[in-house]
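Take a look at the structure below.
The values are calculated or read from the model by the stated rules, or taken from the named source; none is laboratory data. Being a predicted model, the structure only gives us computed values, none of them experimental. Quick reminder, even Gly has a Cβ in these numbers, built from the backbone with ideal geometry, and neighbours come from all protein chains shown.
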Ligand code: SF4
């Protein structure tokens, strides 16, 4: 382990860089390590490659992997990851609550904890049936863990109640890709960032949420005077520092902006008719319509009308549409500002529309690239289908052929997998509160901190029997756990992560787990076997065996990564699928002849949207719709929430690192100077936010990052659980909650 002095020296540099929002090179810790083990950063969906320095069986250092996409660069969170392993706060023994929720968690043996957990699950399965048990997983779990849990629940227990926190962040992006292109996951990669001449960034504070990607965009911007950056965000975040245009639209009006851009592009004949005429269909609801119908639909979105809705200048809407269309290659980037909305899928569709209309797709630098929040939401949950409506590799529960394909592959009788979807996250926690779901296995996530409308949904945790795998004692959800299994953390075990750009990369085991912690695949297998799941159904010795089964699952479909063997992952720093053979180098440009191995070499067209039966992507007519809650006379401000650069999610990891904790010790509320003046609020004053759910007092940061009428708070601080303030209305299609917008009162606290 690094000495305190070495650590502080390195950390000071990292925190200094943090203030500037600039990722760092170099190594953190004792660089005299005996060995360097390859891995992936544990935090965000950028998926940076790391090398972990090990000496005498301890992790002592970290540096960026020069051979991965991040080319040796890490942000400060990644640079300070090693001390998290040895945090005092690690959960290192199994615990149970022997006498109900009000009794304390007590340390016990693994045998006692497993028996306690499985006795209860066995009782519920026997008395109430499979729909009374659930698995709630995570975009931070390893791919092998999510695949295994999905198989155990859907194929073993015959319960489709498998959902997870990607429902809260990426479900709308999945819905967007699935509806527009027929298959999930983006067609572009990070290489597009080096080739784009226009970046359209909407609903993403890339500089704080994906710092290494932001650095790459900034580098591209510096490399050529031709490159334009447009940032559309009601907040003037750090990301807008490199913007040529910052569009500060009224919160929740982005659908109007996107349709307004489409209107200008079509009106000014900047659309690429040869592209959309050949490769696209147009659709309103379930009905096919024509391009002329689409043009008529766009008449409601003249720049003047959109200016009224969004608060932007009509000229700016025209200018941004022209810049988007006229660049030689436009990349769009978006994240939770688009996804966490009651019309998140529609907003995703409207971004895709702009690319399909202009033909900015399928060329280097021209792509709609949705950014992912967690390190393995793509690979671990979206690809393996560990959500209530999905099955592995793009299959869906509602399709009998898909169910049969999975049953055949898993070697179980046809009809084993129930034909009804399980419960999506919000419905699951409601069912727990109502006593319909009686026992839940929560893996690698902290819903008591991160669900919206927490006062409502912690009732589910209070009511149901909760088994939790966890690495840190500080996790809020442990307050409700009946059983806590200590989980091996990060490089204490091995497994594959799949990041934003379809890149699978391996974290190898570098050190032994702390205390009595165990790899989660071992925990899940032990748990399942005690509940009668046949050894032949889960015959794995380790995570590598699970990867082998999963890799072969995809030998014949559009999610083909048969060629990504464990041996290759050990040698290479990540491989992007499709990758059908062990000699294939991986794919940058999906759906493109000569680039994507799933497009036949002799295909007559250079683009082949093979995800759709008619091989055409869909331009959807999606009208503007306001958010679930808007500011009104009673609650006159809009509250939005998000990340800060030095804390991650519920801070169970970053909160253990003093340097990161010092940079952001607590949640706070940003308020515009005009509003602050009217309300008599000064920097550092205590401010009360009150919504229709709850109220809370936070310290004020008076700043013009927020436009008048808008306040922002991060959500990492467990002592100020701001998600109590949020409503839980969900997108009609994706069932993703609208975290980003609710109405609030603001006043100076006495
Ligand atoms: S950008 Fe994300 S993945 Fe990369 S080092 Fe930072 S937190 Fe880790």
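Quick rundown of the values:
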read-out	value
Selection from segment 649-667 of residues that are under 21 Å from residue 375 (Cα atoms) and part of a loop (DSSP other than H, G, I, E, B)	649, 650, 651, 652, 653, 657
Helices (runs of 4 or more DSSP H) lying entirely in segment 379-475 (those with 3 or more residues that are touching a strand residue (DSSP E or B) at 6+ places or on another chain (Cβ under 7 Å))	400-410, 425-433
Every residue from segment 22-48 that is near the ligand (Cβ under 9 Å from one of its atoms) and modelled with pLDDT of 95 or more	40, 41, 42, 43, 44, 45, 46, 47, 48
Of all residues in segment 49-95 being in contact (Cβ under 8 Å) with a residue 60 or more places away in the chain and in a strand (DSSP E or B), the one that is farthest from the ligand (Cβ to nearest atom)	95
Residue in segment 657-668 that is closer than 24 Å to residue 250 by Cα, surrounded by 16 or more Cβ atoms within 10 Å (Cβ to Cβ) and not assigned by TED's automatic domain parsing to the domain that holds residue 79 present	yes
Residue 617 being more than 25 Å from residue 46 (Cβ to Cβ) and either surrounded by fewer than 22 Cβ atoms within 10 Å (Cβ to Cβ) or modelled with pLDDT under 95 (or both)	no
Selection from segment 684-705 of residues that are in contact with a helix residue (DSSP H, G or I) (Cβ under 8 Å, 6 or more places away or on another chain) and in a loop (DSSP other than H, G, I, E, B)	691, 693, 694, 703, 704
Residue among 209, 122, 113, 218 that is out of contact with any helix residue (DSSP H, G or I) (no Cβ under 7 Å at 6 or more places or on another chain) and either within 16 Å of the ligand (Cβ to nearest atom) or closer than 27 Å to residue 343 by Cα (or both)	209
Which numbered condition residue 111 fails, given (1) in contact with a strand residue (DSSP E or B) (Cβ under 7 Å, 6 or more places away or on another chain); (2) not in a loop (DSSP other than H, G, I, E, B)	(1)
Residue 133 vs. criteria touching a strand residue (DSSP E or B) at 6+ places or on another chain (Cβ under 7 Å) and either modelled with pLDDT of 95 or more or crowded, with 24+ Cβ neighbours inside 10 Å (or both)	yes
Filtered residue count, segment 281-313, keeping only those that are buried (at least 20 other Cβ atoms within 10 Å of the Cβ) and assigned to a strand (DSSP E or B)	1
Condition met for residue 384 (surrounded by fewer than 21 Cβ atoms within 10 Å (Cβ to Cβ) and either under 30 Å from residue 189 (Cα atoms) or modelled with pLDDT under 95 (or both))	no
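Here's the yes/no breakdown for (1) buried (at least 17 other Cβ atoms within 10 Å of the Cβ); (2) in contact with a helix residue (DSSP H, G or I) (Cβ under 8 Å, 6 or more places away or on another chain); (3) farther than 22 Å from residue 65 by Cβ:
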{"position": "491", "(1), (2), (3)": "yes, yes, no"}
{"position": "514", "(1), (2), (3)": "yes, yes, yes"}
{"position": "524", "(1), (2), (3)": "yes, yes, yes"}
{"position": "533", "(1), (2), (3)": "yes, yes, yes"}
{"position": "536", "(1), (2), (3)": "no, no, yes"}
{"position": "541", "(1), (2), (3)": "no, no, yes"}
{"position": "555", "(1), (2), (3)": "no, no, yes"}
{"position": "559", "(1), (2), (3)": "yes, yes, yes"}
{"position": "570", "(1), (2), (3)": "no, no, no"}
